[in-house]
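Peer 1: Submitted below is the structure of interest, expressed as structure tokens.
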């Protein structure tokens, strides 16, 4: 959601822990009125996750700030609020998070994810970004994602043996995957369904002992499977 006019930014605070809600409230109240480019935050609702949808319907906040522990507690909340007629922007502030959990939150509709320990340093620009339709991630989260993309896969000794354990079809999928083809293009090339491609990718990642297709592709390049 983008807010282009100067005025109040209606904010809801969601967390099952009252102390955490108080901390988020204090963080928002500590913002100087002039720090946000287009609007000032005004807290219109607070509550637990189970009541989030009802609070959104009753108060129609522009933004939900959701406290979290591991980045997983807010997934069901996102599913609930994104089905509402008026969908607020959602910013998750979490104590810890993995790359996979970050991707899950963004996929389910979160506009931003901040780590609690540094949220006070980044809250101003993050609020400005998400309320103007952009995404916001803590620098620590971005660094972790970049390291995950650039770090070598957990191949080590035995990569050739693991590749040898793939079926002929899985090797074909791996070769096309390593060329950067998306699932639909792989499906068309092999005359199979995209769902079957997904099944093959899950199976080959398991056999190669990697977490994602990027690391599987790197093993393909290292072992000569890639064309």
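Peer 1: With everything on Cα atoms, drop me the angle between helix 139-150 and the longest principal axis of the chain, reported from 0 to 90° to the nearest 10.
Peer 2: Orientation of helix 139-150: about 10 degrees from the principal axis.
Peer 1: Further question on the same structure: What is the percent of Cα-Cα separations in segment 83-142 that go past 13 Å?
Peer 2: 58 percent
Peer 1: Related question: On a 0 to 90° scale, report how tilted helix 213-223 is relative to the longest principal axis of the chain, with both axes built from alpha carbons and the result rounded to the nearest 10.
Peer 2: 30 degrees
Peer 1: Using the scaling law 2.2 N^0.38 Å as the reference, what is the normalised Cα Rg of segment 159-223?
Peer 2: On the way: Rg = 10.5 Å, N = 65, 2.2 N^0.38 = 10.7 Å.
Output field value: 0.98.
Peer 1: OK, next. Nearest 10 degrees, 0 to 90: what angle lies between the long axis of helix 119-131 and the longest principal axis of the chain (Cα atoms)?
Peer 2: Here the helix axis deviates by roughly 90 degrees.
Peer 1: Give me D for the chain in µm² s⁻¹, whole number, from Stokes-Einstein with Rh from the Kirkwood sum over alpha-carbon pairs, 25 °C and 0.890 mPa s.
Peer 2: After rounding, the answer is 125 µm²/s.
Peer 1: Something else now. Could you work out which residue, out of 133, 180, 112, moves most in a Gaussian network model of the chain, that is, has the largest mean-square fluctuation with Cα springs under 10 Å?
Peer 2: Evaluated over the chain, the most mobile residue of the options is 180.
Since every read-out is calculated from the coordinates, none of them should be taken as a lab result. Keep in mind the model is a prediction, meaning the values are calculated, not measured.
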